[in-house]
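J.: Just passing along the structure, written as structure tokens.
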Amino acid sequence: MRRGSTLLRSILSLTAALIAMLSTVDVAATPGSLSLDARVSPRVQQVVQTAQRGSSGSPQIGGDAARFDSKNRLQIDVEFDCAYPAPTASMVAAGMLIGTAVNVPPMCVIEGWAATSSIAALAQIPNVKRVDLPKYSRSHPPLSPHSGITGPGAAVISATNGTAVIDGNGVSIMRTDKYVQQTGKNGASITLAVISDDATNLAAIQGRGELPASINVVTPGANPLSHPTLTDEGTMMLEEVYAVAPGANLAFCGPGSATEYLACVTNLIAAGATVISDDIAYFGFDVMSASTQNVAAQALANLLAANPQVMLYHSAGNDAQDYWQGSYTALSSPGGGICAPSGQTPQTDNFFQQFGNNKYLTWQTKGGNTLFLASVVPAGQATPNNIDLYVYNPNTAQVVACSTSASGGTTGATSFTVINGSAIPAGTYHIIIGTPDASLGGTFLKLIGIGDGADTFSPITAGSPTSFQDFAAGVVLVGAVVGSDGIGNSIEQYSDTGPIQIEIPSPSTLQAPHLVAPDGIFVDAAGTKFATSGGLFFGTSAASPNAAAIAALLRSAFPSLTPTQVAAYMQAGATPLGSSSPNGTFGYGRVDALGALAAIPAPALTGLQGISIVAGGAPAVISFGVGGTGALAVSTAPSVTLTSSGSATVAISPSTCGNPTTSCTLTVTPATGSYGTANIEVVVKDGANRTASLPVAVVVTKPAPPTISLTSGATQSVTVNSAIAPVMFTLTGTGALVVTPSTSNISGLTITSGCGTTTLTCTANLGTASSTAATAMLAITVQDAYAQTASATATVTETVPPKSGGGAVDRWTLLVLGCLVLVHAGGYKRRRLRA
């Protein structure tokens with residue numbers, strides 16, 4: 001311990017004099033010494049003071065270069081009280097050129113351009129809270145391949161003509177091609193938006209048919225910021241989402257600042273976007289507080305909550321190798337070092353952070369990258385923590401850069417000390433953290449390198465997602481796994497890991513990342529600003545659009561799913577990687593389209609049970625339940641053939657069954673005369689064309705056979721040629737009955753009209769008896785629609801009536817009597833002859 005402390009003290013002491021000589025400290029011009037309103041941030045005050053001194057150039061402030069337009073107007077953010085309308089007219093009157101307006105409580109900002117001489121007047125406008133410099137997104141140059149990979153992996157997917165397929169490995173690994181084939185859903189009806197630096201050469205890619213002809217390019221405001229370095233990374237991200245979800249409508253917005261980012265989200269939502277992928281990070285916001293205390297994160301969370309159909313997939317970042325966090329361990333080294341950067345009051349540090357066994361952290365950088373040191377500000381403290389940051393070159397034994405708390409400031413519960421790395425060349429350095437005394441011992445620190453995969457710290461720790469989107473509720477963080485190997489099971493060494501440590505309102509952690517997706521996928525960059533490595537796109541910038549495109553596929557099939565539900569199903573269906581799930585490296589796992597689909601409750605039918613009914617009676621009514629996700633289509637054949645005879649109509653009610661009604665009925669009505677078994681299949685289908693079906697049998701038995709009862713005239717005797725009394729009868733039976741009479745010795749038969757159909761009480765009129773004595777019969781048969789019969793018979797005896805008038809006989813009787821007399825006479829004559 002003593003030896004290391006002596007070494008550090010020696011190093012810093014040797015360089016203290018050099019720093020003092022090289023630093024031009026103008027104490028009279030330090031922030032706060034000029035008559036600027038207290039609502040003007042120290043960063044802006046430094047720029048104004050530089051301008052008042054007549055200095056030229058754009059000073060590097062807080063990690064960002066102050067930016068001026070062609071008329072030498074400074075770009076600023078004017079924050080105003082969200083309880084009042086934006087004071088735009090007053091700002092214009094004060095000489096401000098309005099660029100982007102954001103009114104997303106608690107973050108209400110007008111961003112624009114103003115002369116430094118008008119800053120004080122702008123700060124005095126009623127309801128203005130603060131004038132600050134914008135927080136700019138850093139440029140995203142293409143990352144180098146994963147260690148050990150020098151070009152396209154052996155598994156890069158190729159088309160039949162031998163050319164590489166855009167995002168072919170990603171499509172294969174995530175099984176999105178199988179999802180589209182199985183479901184028939186390709187993102188149609190969904191607007192999928194990308195937020196990235198720029199998409200300068202869309203036309204070149206569209207001309208090759210690798211992007212649709214129509215892409216809605218949205219601007220964040222009236223005078224959007226021009227990106228200093230064009231990368232076309234947004235073009236590559238659009239290629240990805242189009243390869244995965246070719247049916248989606250595409251939109252793009254390229255913000256330069258955090259204010260423009262929120263405006264992009266707002267304007268893309270207004271343009272119909274419901275799925276957004278971004279890959280932009282911003283530093284200088286509160287990295288110690290949860291979403292509810294973090295102003296920028298809360299604004300984004302509120303914006304998403306106000307638009308509950310919108311889901312945002314954010315790249316976790318590529319800074320896992322240049323991030324460290326821990327509590328400040330203040331080790332004494334009296335007179336150890338002096339930090340005296342230009343424009344800042346010199347500060348002598350006597351205590352330094354212990355990094356393991358060393359008093360420093362090793363930083364290997366490719367040059368030009370900025371360092372942020374964030375610390376927790378105690379409750380009620382408005383000034384930044386008095387912490388100094390040094391970059392020491394062990395080869396030259398010189399401090400090449402240092403910065404005090406005057407370089408940063410406070411945001412929420414976070415204090416920043418910043419070293420702008422634009423003047424730091426490539427090399428290996430020692431990073432040293434110091435304080436004048438031990439009073440800040442135990443303060444939680446986050447050391448953030450902005451190397452975007454190009455720099456490394458030693459040691460490093462987890463917890464690296466530090467852009468304000470990472471803290472916002474409702475945002476899905478996406479890390480990157482190696483996709484160029486065609487497998488996707490290995491984390492990219494630069495992919496940010498979690499969990500995210502927060503200190504406010506109390507120490508706790510946030511899950512990060514939530515998911516991982518393949519990078520190292522092929523994109524066609526010919527004719528663009530994007531310089532790929534062997535045609536491959538590396539980084540979480542490539543992973544985010546892959547995950548977002550799967551969300552679009554799911555939303556295409558299930559439009560009613562909320563962003564929370566989509567994320568939950570993607571997490572549940574992800575391929576788990578690592579020893580537990582979730583974890584700080586892979587989150588819940590690698591995104592998988594079919595896995596997510598399998599996690600979504602599939603269609604289901606319950607309660608469909610067979611039933612037996614009697615034909616001709618009430619129809620069969622079967623209650624059943626419908627389950628599944630989203631709008632379900634429930635159907636069955638409109639009619640079925642019964643196994644024995646006839647058919648039946650089938651109906652499902654209500655008409656809203658499955659969408660949204662889940663309690664339904666199946667009604668089976670056999671046609672008249674139909675009986676046997678009706679075998680019915682009920683089918684339910686969801687938006688992904690998944691189906692479930694259940695058979696149900698309805699047994700239709702024949703009804704009771706018909707009956708016929710003769711109520712009068714069943715047996716009668718009448719004389720010849722006289723009227724026969726009507727035969728009255730009643731019928732029973734199901735449905736329309738067919739009455740068929742048959743007669744003998746009866747003429748002129750009529751039966752009541754509608755007998756068996758409109759009436760079941762009938763009369764058979766038999767007319768007049770014949771002229772000769774006889775027996776007449778009436779047989780009545782009734783048959784129902786089921787071929788069941790019944791019959792009844794009426795008998796009529798027709799007789800000759802006796803003669804009338806005192807013994808007169810008719811000729812027939814005389815004839816018979818005459819014959820009898822002759823027979824008798826013949827017999828008398830024979831007897832006399834014998835005698």
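J.: At 24 angstrom or more along the helix axis (alpha-carbon based) and mean Kyte-Doolittle of 0.5 or higher, what helices does the chain contain? Whole DSSP H runs only.
T.: Span-like helices in the chain: 2-22, 540-557.
J.: Probe of 1.4 angstrom, ligands and nucleic acids ignored: what's the accessible area per residue over segment 576-702, in square angstrom? Numbers along the way, then the final one.
T.: Details: 5440 Å² over 127 residues.
In whole numbers, segment 576-702 has 43 Å² accessible per residue.
J.: Taking only protein heavy atoms into account and a 1.4 Å probe, give the accessible area per residue of segment 737-806 in Å². Mind showing how you got there, number by number?
T.: On the way: 3500 Å² over 70 residues.
Averaged over the residues of segment 737-806, the accessible area is 50 Å².
J.: How large is the direction-averaged shadow of the alpha-carbon convex hull of segment 460-560, in nm²?
T.: The Cα convex hull of segment 460-560, projected and averaged over all directions, gives 9.1 nm².
J.: Can I ask one more? Accessible area, 1.4 Å probe, largest first: how do Thr259, Thr116 sort?
T.: Ranked list, largest accessible area first: Thr116, Thr259.
J.: Would you mind telling me the share, in percent, of accessible area of segment 223-320 contributed by carbon and sulfur at probe 1.4 angstrom?
T.: 55 percent
J.: What distance in nm separates the two pseudo spin-label positions at Ala305 and Ser655, each 7 Å out from Cα along the beta-carbon direction?
T.: 4.0 nm
J.: Roughly to the nearest percent, how much of the accessible area of segment 480-551 is carbon and sulfur, given a 1.4 Å probe?
T.: 53 percent
J.: Among the listed pairs Lys71/Lys529; Lys135/Lys446; Lys366/Lys529; Lys366/Lys446; Lys71/Lys366; Lys178/Lys529, give every one whose C-alpha distance is greater than 23 Å.
T.: From the list (Lys71/Lys529; Lys135/Lys446; Lys366/Lys529; Lys366/Lys446; Lys71/Lys366; Lys178/Lys529), the Cα-Cα distance tops 23 Å for Lys71/Lys529; Lys71/Lys366; Lys178/Lys529.
J.: Next up: Working only with C-alpha atoms, what are the Rg and Dmax values of the chain, expressed in angstrom?
T.: Here Rg and the maximum Cα pair distance are 47.9, 198 Å.
J.: So, one more: If you roll a 1.4 Å probe over the heavy atoms of the protein chains, what accessible area per residue do you get for segment 465-557, in Å²?
T.: Solvent-accessible surface per residue comes out at 21 Å².
J.: Share of segment 376-460's accessible area from carbon and sulfur, percent, 1.4 Å?
T.: With neighbouring chains kept in place, the figure for segment 376-460 is 54 percent.
J.: On average, how much area does the Cα convex hull of segment 553-679 cover when viewed from any direction, in nm²?
T.: 10.1 nm²
J.: Taking the Cα centre of the chain as origin, sum charge times position over the Cβ atoms of Lys and Arg (+1) and Asp and Glu (-1), and report the length of that vector in debye to the nearest 20.
T.: 4400 debye
J.: By its C-alpha gyration tensor, with a ≥ b ≥ c as the square roots of the eigenvalues, how is segment 613-676 shaped: rounded for a/c under 1.5, else prolate for a/b larger than b/c, else oblate?
T.: It comes out prolate by the Cα gyration axes.
The values are calculated or read from the model by the stated rules, or taken from the named source; none is laboratory data. Values in this document were obtained by computation on a predicted structure and should not be read as measured data. All Cβ positions, glycine included, derive from the backbone under ideal geometry; neighbour counts span all protein chains shown. Each accessible area value is taken on the protein alone, full model and side chains, heavy atoms only, with ligands, DNA and RNA left out. Shrake-Rupley method; radii C 1.70, N 1.55, O 1.52, S 1.80 Å.
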